[in-house]
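Below: one structure, written as structure tokens.
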Amino acid sequence: PCPSRMLLGIDCPACGGLRGTHDLLHGDVVGALDHNLLLPLLLALYAYAAVVAFAPLVGRVVLPLRPPRWALVAGAVVLATFTVLRILPVAGLEFLGSGTS
């Protein structure tokens, strides 16, 4: 279980990631998004980082992604907003939680 969920009772930004990845590997995209709405974006970033890290092993060089500063700030704002909204007990935002299963 997630330490922040176990100790504090709140969902961290990555809560539901493992269950969502399991759902994606079994073809359940809707179930994966139900566990963590940002999961596809995070998995795409992890995949790109793996390609950059392992490409030299096969003789290829992949230039690291250099996003503009505004994109980094926007990403941080989206992540912070997502984190805050998923822990607030507001009606209509339950879909942002990581689910119970």
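The values are calculated or read from the model by the stated rules, or taken from the named source; none is laboratory data. If you're wondering where the values come from, they're calculated on a predicted model, not measured in any experiment. Glycine gets a Cβ as well: all are built from the backbone with ideal geometry, and neighbour counts include every protein chain shown. Each accessible area value is taken on the protein alone, full model and side chains, heavy atoms only, with ligands, DNA and RNA left out. Shrake-Rupley method; radii C 1.70, N 1.55, O 1.52, S 1.80 Å.
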Estimated D of region 1-49 in µm² per second, where Rh is the Kirkwood radius over Cα pairs and Stokes-Einstein applies at 10 °C, 1.306 mPa s
143
Express in Å², to the nearest 10, the accessible area of D34 obtained by rolling a 1.4 Å probe over the protein heavy atoms while all chains stay in place.
80
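Before anything else, pin down the relative contact order of the chain: Cα pairs under 8 Å, at least 6 apart, normalised by residue count, whole percent. Walk me through the numbers on the way to the answer.
Numbers: 78 pairs, mean separation 31.1, N = 101.
Result for the chain is 31 percent.
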Using +1 at the C-beta of Lys and Arg and -1 at the C-beta of Asp and Glu, which of C15, L25, A50 has the Cα lying farthest in the positive direction of the dipole of the chain?
A50
Kindly express, to the nearest 10 degrees and within the range 0 to 90, the angle between helix 39-54's C-alpha long axis and the longest C-alpha principal axis of the chain.
20
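If the chain between L18 and A76 were fully stretched, how many nm would it gain, using 0.36 nm times the residue separation less the Cα-Cα distance? All intermediate terms of the calculation are to be shown ahead of the outcome.
Details: separation 58, 0.36 × 58 = 20.88 nm, distance 2.17 nm.
Residue separation times 0.36 nm, minus the Cα-Cα distance, leaves 18.7 nm.
Just add up the charged neighbours of R5: K/R +1, D/E -1, any other residue whose Cβ is under 14 Å from the Cβ of R5.
Values: positive: R19, R86; negative: D11.
After counting each charged neighbour, the total is +1.
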Magnitude of the Cβ-charge dipole (Lys and Arg +1, Asp and Glu -1) of the chain about the Cα centre, nearest 20 debye, reported as 440
